[in-house]
Amino acid sequence: MASFFLERRLAQLGNRLRVAREKLLVAEEQCSAMEEETNDQELRSLVAETPDASYEYRQAKAHSDALKRYCDELRGSIKELQVRQDELLDKLPKNHR
């Protein structure tokens, strides 16, 4: 009976891991695109030397930094889920592995 609950929790963790990894893939693609946009905005800001261009660069940089933090949070969540998954796998009886 206990192994049934462990298997169920493992399945749930597996689903959460899959979703988190999918989110990370999307976020990393967005982060890459946003980083390119930020670099373009920085160049425009340097060339134009106007307050508007500088403002647009700062906005793009803030968004890029926020996306990077989100990716880092997702990576941390994935690591935590993997640790919990490993702990549950260690609790499974040997004949279930």
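No lab work stands behind these numbers, since they all come straight from the coordinates. Fair warning: this is a prediction, and the values are worked out from it, not measured in the lab. We place every Cβ from the backbone using ideal geometry, glycine too, and count neighbours over all the protein chains shown.
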Could you state the orientation-averaged shadow area of the convex hull built on the Cα atoms of the chain, in nm² to one decimal?
-> 6.8 nm²
Report, to the nearest 10°, how far helix 51-91 tilts away from the longest principal axis of the Cα atoms in the chain, using its own Cα long axis and a range of 0 to 90°.
-> 10 degrees
Reachable aspartates and glutamates, given that their alpha-carbon falls under 15 Å from the alpha-carbon of LYS68 and they are not under 8 places away in the same chain = GLU28, GLU29, GLU35, GLU36, GLU37
For CYS71, CYS31, ascending order of other Cβ atoms within 10 Å (fewest first) is CYS71, CYS31
In whole percent, what relative contact order does the chain give with Cα contacts below 8 Å and a gap of six or more residues?
-> 44 percent
In degrees, nearest ten, helix 2-48 long axis to first principal axis of the chain (Cα) = 10 degrees
Net charge contributed by nearby residues that have their C-beta within less than 14 Å of LEU81 (K/R +1, D/E -1) | +3
Around LEU25, with a cut-off of 14 angstrom between Cβ atoms, what is the net charge of the other residues, counting Lys and Arg +1 and Asp and Glu -1?
-> +1
Residue farthest toward the positive end of the dipole of the stretch 3-97, with Cβ of Lys/Arg at +1 and Asp/Glu at -1: which of GLN59, GLN41, LEU10?
-> LEU10
